[in-house]
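Data block below; observations after.
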Amino acid sequence: MNAIDTWVARHRERAATLPGAAVPWLATRRHDAIERFAALGWPTSRLEAWRHTSLAFLEQHELAAPEAAPHPATTLAALRTGFDDGDHWLVFVDGRAEPALSVMAAVPAGVTICALSEALAHRPEAVETAFGTARDAAAPHALNLALCSDGAFVHLARGTALEHPLHLVFIGATGAADTHVRNLIVAEAGSEASIVEHHLGGGATLGTVVTRVQAAQDARVTHVKLQRQDERAIHLAQIEASQARGAHVASHSLSFGARLARNDIHTRFDGEGCEALLNGLYHVDGRRHVDHHTLIEHAHPLGTSREHYRGLVDGNARGVFAGRIIVAQDAQRTDAIQRCDNLLLSKLAEADARPELEIYADDVKCAHGATVGQIDEDALFYLRTRGVDETHARQLLTYAFAAEVIERIAQDSLRRHARATLLARLPGSALLEELL
Amino acid sequence: MLKIDNLHAAVDGKAILNGLNLEVKDGEVHAIMGPNGSGKSTLAQVLAGRDTFQVTGGAVDWDGTDLLALPAEERARAGLFLAFQYPVEIPGVSNAYFLKAAVNAIRRHRGLPEYDAMDFLSRVKAEMKAVGMREEFLYRSVNEGFSGGEKKRNEVLQMALLEPKLAVLDETDSGLDIDALRIVAEGVNRLRSPERSMIVITHYQRLLDYIVPDQVHVLSHGRIVRSGGRELALELEEHGYGWIDAGAKAAPATGATGG
């Protein structure tokens, strides 16, 4: 039996116990999905989109749940400090909702927040459209559909606003070597919410995450993904958004952990005057690997997109960014800026940054650029002539480079949390913190 | 006292300073003038500790310390300050953060208590007022998007906050209009004291109308070829630098006698 068959077998074994097992449309889609996965196999570097991130090694990769892990309640308590009491917390342990740990503050009428398993048990028709299918899905995302054991379902009725952020906390404990979660966010016209995914935990695990966002007319959705699993985890994620006229979607992807993390982020403007912000930061060290693949489809006029990615690449690590912007023939007066800048912190670190613009319209303002470089020697010398020692000056410049991404997170508590998380990862944080 | 003795320096194998001698006593202000490419900025950078320049000979003694043996940050902590000709932009680091990091690094070294946030702010705001900088510059990234004049004021502000023993001003006047020049010069003059020496590097005599030096030196081909009082600057203003080069070639430099 090869490794692909193992996954097919897992689907067969788990199918009856996965949420929505009795829902016909879902059973069909899961079946189609595992077939697609089996037909595609793990992507290899022969595929353009996976050129720098082959998953062929997963054929032979031993997965294992962590031998030991802190109690999820402890992890959660630490995470919640620094956030407002009004925030909402939906907690998942080993890929399943953990209602005992979840803390939901009161939400306005018209806002539904629940576990996907709960929605599938009581109102499967409510998630049918948003759930998506495996058609055109890359192998990891098809596998996700086939095996997803839970996730969040968020529905914001027309004109509703969630004042406080909703945190989706995915904690890997000792119960699973592979987890597959799927989040569905449906924002009706004029609604507004900030949703944060925290991915935590260790072990030689494989996790797939698919988050689907539907932003209707003039809806505003902010999505923050904070991935800081430990260094043996494989993390394969997708964010798939669609935006109706005037909708605003902001995606902040902070990728700090995992042995290998791949994020596919895609948004499509399905109406005029949409706005998207794709903002991201990765910090990789050791032998780790992180890859962001983004696609922004300007399919209609007057859309604005801003994409800013930065990478700190240390040790023998590799950071990959491939960003594509497609401006359709109709998408006149598109305004798009895309940048990816990398700071190499060691001689063996490697960064690949590939920005791509495909423009079919003639009245557009588009700019893109990518850099891979080292710390600015002039800035370093300038700081040293002001009495700051070289080590601290390097730390300060490294932090400052990365912090520009974090400063784009509009919500105060999220920005502070992201800043603290970054600081804790960088050497010299005590000195830096004192000055902030 | 600063004593530069037969200093030679090169960059990428190209000799730039060729036996420079200079003595600056406590409390004195020395102006160094010279044509482009004469080595003025190299001297400033070498004194501040930039390691892209190789010191290939000579010595610099500063109050009994071998200055050239110290890394840049230790020179700064010991009281050397370089006002940059082209102040560096540091995106993402606020001016307030930068100034506080610098001031506290130096205060720590001097055994002084570090400023807390409140004390630091009131001190820095007072100094900003003196150099005509608006408070918003505290919260902007260091020098990012500053005009030429704003950058130079920021240098003078740092000098005031760091209270150096020896300040080297590298073409602080370049790119300034007359009003900015006056403000910057006032800032410098306010800092003149018997304990503080200054080396003012300039291409033009104009700055010396506002900062009156004790001595003027003329640098050519990496050596000081003439030294004198203020009148030397006026002479340069009148005749340009051409005669210096001609003279330097005709007769070997005698070196500076210092103060």
Seminar exercise, completed: Calc'd 3J(HN,Hα), the stretch A:412-419, phi into Karplus 6.51 cos²θ - 1.76 cosθ + 1.60 (θ = phi - 60°), Hz, glycine/Pro = x, comes to 4, 5, 5, 5, 4, 5, 5, 4
Seminar exercise, completed: For the stretch A:376-436, averaging the sequence separation of alpha carbon pairs under 8 Å that lie six or more residues apart and dividing by its residue count, the contact order in percent is 29
Seminar exercise, completed: Of every Cα-Cα pair in the stretch A:376-436, the percentage lying beyond 17 Å is 41
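So, counting K/R as plus one and D/E as minus one, what does the shell of residues with Cβ under 13 Å around residue A:321 add up to?
Working: positive: A:51, A:262, A:310, A:318, A:324, A:339, A:354; negative: A:264, A:291, A:307, A:341, A:350, A:352, A:356.
Residues close to residue A:321 contribute a combined charge of 0.
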Exercise. Using +1 on the beta carbon of Lys and Arg, -1 on that of Asp and Glu, and nothing else charged, what's the dipole of the stretch A:283-418 about the Cα centre, debye to 20?
Worked result: 400
Exercise. Under a no-solvent Debye model with one identical scatterer per Cα of the stretch A:300-436, what's log10 I(q)/I(0) at q = 0.16, 0.18 Å⁻¹?
Worked result: -0.92, -1.05
Problem set entry | Euclidean distance of C-alpha centroids, the stretch A:382-436 and the stretch A:36-52, integer Å | 38
Exercise. For the pair residue B:66 and residue A:360, what calculated FRET efficiency results from E = 1/(1 + (r/R0)^6), where r is the Cβ-Cβ distance and R0 = 56 Å, to the nearest 0.05?
Worked result: 0.25
Exercise. Is any residue of the stretch B:101-130 close enough, with backbone N under 17 Å, to a label point placed 7 angstrom from the Cα of residue B:182 along the Cα-Cβ axis, and if so, which?
Worked result: B:130
Exercise. Counting partner chain Cβ atoms within 10 Å of every residue's Cβ in B:71-81, what's the average?
Worked result: 5
Seminar exercise, completed: CD proxy, 222 nm, chain B: helix-only mean residue ellipticity via -39,500 (n - 2.57) per DSSP H run with n ≥ 4, per residue, nearest 500, stands at -10500 deg cm²/dmol
For this session: Would you kindly state how much longer the chain becomes between residue A:429 and residue A:121 on full extension, computed as 0.36 nm times their sequence separation minus their alpha carbon distance, in nm to one decimal?
Result: 106.2 nm
For this session: Take the alpha-carbon centre of the stretch A:315-344, take the same for the stretch A:81-139, and report the distance between them in whole Å.
Result: 30
For this session: Report, ordered by chain and residue number, the lysines lying within cross-link reach of residue B:14, taken as a straight Cα distance under 23 Å and ignoring same-chain residues fewer than 8 apart.
Result: B:40, B:249
For this session: Report the convex hull volume per residue for chain B, counting only C-alpha atoms, in Å³.
Result: 123
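Provide the percentage of antiparallel DSSP beta bridges, counting only those with both residues in chain A; round to the nearest 5. Present the calculation step by step, with values, prior to reporting the outcome.
Details: 9 of 141 bridges.
Rounded to the nearest five, the antiparallel share is 5 percent.
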Exercise. Which of these, A:204, A:68, A:139, has the largest mean-square fluctuation under a Gaussian network model of chain A (Cα springs below 10 Å)?
Worked result: A:68
Exercise. Which whole number in µm²/s is D for chain A by Stokes-Einstein, with the Kirkwood Rh taken over Cα pairs at 4 °C and 1.567 mPa s?
Worked result: 58
Exercise. What is the local net charge at residue A:401, summed over the other residues whose Cβ is closer than 12 Å to its Cβ (Lys, Arg +1; Asp, Glu -1)?
Worked result: -2
Problem set entry | Dipole of the protein assembly as shown [Lys/Arg +1, Asp/Glu -1 at C-beta], most positive-end residue of A:295, B:91, A:255 | A:255
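Starting from the stretch B:110-201, pick out the chymotrypsin sites (Phe, Trp or Tyr not before Pro) whose DSSP state is loop and whose Cβ has at most 16 other Cβ atoms within 10 Å. Show your work: numbers first, answer last.
On the way: sites: B:115, B:120, B:137, B:139, B:146; in loops: B:115, B:139, B:146.
Those that pass, being in a loop and sparsely packed, are B:139.
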Exercise. How large is the charge dipole for the protein assembly as shown, taken about the Cα centre, if only the Cβ atoms of Lys, Arg (+1) and Asp, Glu (-1) carry charge, to the nearest 20 debye?
Worked result: 600
For this session: In debye, nearest 20, what is the charge dipole magnitude of the stretch A:376-436 about its Cα centre with +1 on Lys and Arg Cβ and -1 on Asp and Glu Cβ, if you could check?
Result: 240
Exercise. If you take the charge dipole of chain B about its Cα centre, with +1 on Lys and Arg Cβ and -1 on Asp and Glu Cβ, which of B:18, B:118, B:65 is farthest toward its positive end?
Worked result: B:118
Seminar exercise, completed: Expressed to two decimals, the stretch A:99-181 has a Cα Rg over Rh, using the Kirkwood radius, of 0.99
For this session: Could you pull out every one of the aspartates and glutamates with an alpha carbon less than 19 Å from that of residue B:125, ignoring same-chain neighbours closer than 8 positions?
Result: B:114, B:116, B:135, B:136, B:150, B:155, B:163, B:186
Exercise. In the neighborhood of residue A:381, defined by Cβ-to-Cβ distances under 11 Å, what is the net charge if each Lys or Arg adds +1 and each Asp or Glu adds -1?
Worked result: -3
Exercise. Which of these, B:113, B:91, B:164, has the largest mean-square fluctuation under a Gaussian network model of chain B (Cα springs below 10 Å)?
Worked result: B:113
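Within the set A:347/B:151; B:129/B:152; A:225/A:365, which residue pairs have Cα atoms separated by over 26 Å?
A:347/B:151; A:225/A:365
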Exercise. Label residue B:235 and residue B:165 with points 7 Å out from Cα along Cα→Cβ: what is the distance between them in nm?
Worked result: 3.3
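The numbers here are math on the coordinates, done by the rules we state, and not lab data. Model, not experiment: these values are computed from the prediction. Glycine also receives a Cβ, built like all others from the backbone with ideal geometry; neighbour counts cover every protein chain displayed.
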